[in-house]
């Protein structure tokens, strides 16, 4: 009799604990990974949109070279279905394109059939990042109670996250390889001018940042520089600028300064660096429009340097003539770009 009561108490306790856990455990699981790709939006989007292209960078297909796959419907269009059946690491299931925002986002419905049945939503999203493309790959799953208890004991982010990152790394290599092998096209609207740089003095802050943090670094430090120059009563000698001393295409980092040109600087501006950019020969291009297309202007200068056989020197200067906070029409934004050469 006592044993029966003990068992009953244990069962009650387990039920209570289970009830508590169902309200403690998350019912919504989201996993996301991102990467920066140095390629055109068009190149990246074609490798996201079509299931046949996704197979080139899938992190799971390499886990089972014998996996069976098929595509039903029109590949790259809403309603297209991708089916797979593989070993225990790959399982069996299908996914369907549910929504496409051209050059922005693709949403899929995932249905896993083996080794267990479940459903989830996935998305591939593109964004701008300092003239490059940021790709985010996300996975969203809803777990109804009481099955959400398993979320307390299964770290889905740890289980799936590395695969997402691996896939994005493969996507990056694919897109950048295709971009490098494609013939470089330079817009005829850019006219490269050879001029003599008069020499200027800049005040600002310098740092090494990843490409996706350039805008954040520039804006925060430029605001502080403006305040410091006001206190020092230093006169501006042109538009706010970005000085780019190193552009690392391997680590996707840059050593740069958010700076303001000044003249007749009579005293040190405490807490800020002084940059003396000496006179010399420069190539100038004027870019009209938003910053996400400014890479075309740099490509125009790069092609010109190659054609003329010039040697590029440091730094590269972007001079932001138009203040975006005062002019909302991006077509009216004016940026002068300068490359020192010899």
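The values are calculated or read from the model by the stated rules, or taken from the named source; none is laboratory data. For clarity, every value in this text was computed on a predicted model and none was experimentally measured. Counting neighbours? That spans all protein chains shown, and the Cβs are built from the backbone with ideal geometry, glycine included.
Please count how many residues of segment 56-70 are in contact with a strand residue (DSSP E or B) (Cβ under 7 Å, 6 or more places away or on another chain) and in a loop (DSSP other than H, G, I, E, B).
Qualifying residue count, segment 56-70: 1.
Test of understanding: among 16, 10, 90, 24, which residue is closer than 25 Å to residue 171 by Cβ and at pLDDT below 90?
The unique qualifying residue is 90.
Which of the residues that make up segment 98-128 are in contact (Cβ under 8 Å) with a residue 40 or more places away in the chain and assigned to a strand (DSSP E or B)?
Result: 100, 106, 124, 126, 128.
Can you pull out the residues in segment 206-231 that are within 12 Å of residue 130 (Cα to Cα) and assigned to a strand (DSSP E or B)?
Residues of segment 206-231 within 12 Å of residue 130 (Cα to Cα): 209-218.
Once the filter is applied, which keeps residues that are within 12 Å of residue 130 (Cα to Cα) and assigned to a strand (DSSP E or B), segment 206-231 yields 209, 210.
All but one of (1) within 20 Å of the chain's Cα centre (by Cα); (2) surrounded by 20 or more Cβ atoms within 10 Å (Cβ to Cβ) hold for residue 225, so report the exception by its number.
So the condition that residue 225 fails would be (1).
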